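Chemist: Quick one: the structure is below, and I'll ask about it shortly.
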Amino acid sequence: MQQSNIDLRPKRIYRCDGRLQAGTSVQENAAPALRGDICNDFLNPCYILSGSGFYIDAAGRRCRYVPGSLLIRFPGVPHHQHHDRGFYADKYFALPAEYGRILRRNRSSNSGSVPRWPGGSTS
């Protein structure tokens, strides 16, 4: 097994005025596990550090994830996450729902313009 240089021990959650959060999720799965009926009210990018499984949307479509995958879970979108047997770890952000709306709007307009985040600059 290849050793990782990523320190998975800290399980802190970092907060900024209640609007932004970041942290590490760690879970040991003795058997395959399903986290079902998840529906966040925030934009939730999640980078998989260890473990594998499937992201399952509300329609039952499955998307495989492995270390190095980036899952972007949009606010108000029901989903499930199936973890294979073994150690799972991810780094996540919880961003205000308005960021998700901006990403969806810019994706659907396909204008090629740089998104402007509320109250901030693009750089």
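The values are calculated or read from the model by the stated rules, or taken from the named source; none is laboratory data. Small disclaimer: the values here were computed from a predicted structure and weren't measured. All Cβ positions, glycine included, derive from the backbone under ideal geometry; neighbour counts span all protein chains shown. These accessible areas exclude ligands, DNA and RNA; they are computed on the full protein's heavy atoms, side chains included. Shrake-Rupley method; radii C 1.70, N 1.55, O 1.52, S 1.80 Å.
Chemist: Would you pick out the residues in segment 70-86 that are of a type in the set (Gly, Ala, Ser) and modelled with pLDDT under 95?
Modeler: Within segment 70-86, just 76 meets the criteria.
Chemist: While we're on this one: Of all residues in segment 42-78, how many are closer than 21 Å to residue 104 by Cα and touching a Leu at 6+ places or on another chain (Cβ under 9 Å)?
Modeler: Final tally of qualifying residues: 13.
Chemist: Among the residues of segment 73-92, write down those that are out of contact with any Lys or Arg (no Cβ under 9 Å at 6 or more places or on another chain) and either farther than 16 Å from residue 47 by Cβ or small (Gly, Ala, Ser) (or both).
Modeler: 76, 77, 78, 84, 85, 86, 89
Chemist: Sticking with this one: Could you say which residue among 63, 46 is surrounded by 13 or more Cβ atoms within 10 Å (Cβ to Cβ), hydrophobic (A, V, I, L, M, F, W, C) and outside any loop (DSSP other than H, G, I, E, B)?
Modeler: Working: 63 fails: surrounded by 13 or more Cβ atoms within 10 Å (Cβ to Cβ).
That would be 46, the only listed residue that is surrounded by 13 or more Cβ atoms within 10 Å (Cβ to Cβ), hydrophobic (A, V, I, L, M, F, W, C) and outside any loop (DSSP other than H, G, I, E, B).
Chemist: Something else about it: Would you point out the residue of segment 66-80, among those that are open to solvent by 30 Å² or more (accessible area, probe 1.4 Å) and outside any strand (DSSP E or B), that is farthest from residue 35 (Cα to Cα)? Outline the logic, then answer.
Modeler: Taking segment 66-80 and keeping what is open to solvent by 30 Å² or more (accessible area, probe 1.4 Å), we get 66-68, 70, 72, 74-78, 80.
Then keep just the ones that are outside any strand (DSSP E or B); that gives 66-68, 74-78.
Details: 66: 17, 67: 18, 68: 20, 74: 17, 75: 17, 76: 16, 77: 15, 78: 12 Å.
Only one residue fits best here, namely 68.
Chemist: Considering each of 112, 100 in turn, give the residue that is buried (at least 17 other Cβ atoms within 10 Å of the Cβ), at pLDDT below 95 and not basic (Lys, Arg). Lay out the reasoning, then the answer.
Modeler: Working: 112 fails: buried (at least 17 other Cβ atoms within 10 Å of the Cβ).
Selected residue: 100, the only one of 112, 100 that is buried (at least 17 other Cβ atoms within 10 Å of the Cβ), at pLDDT below 95 and not basic (Lys, Arg).
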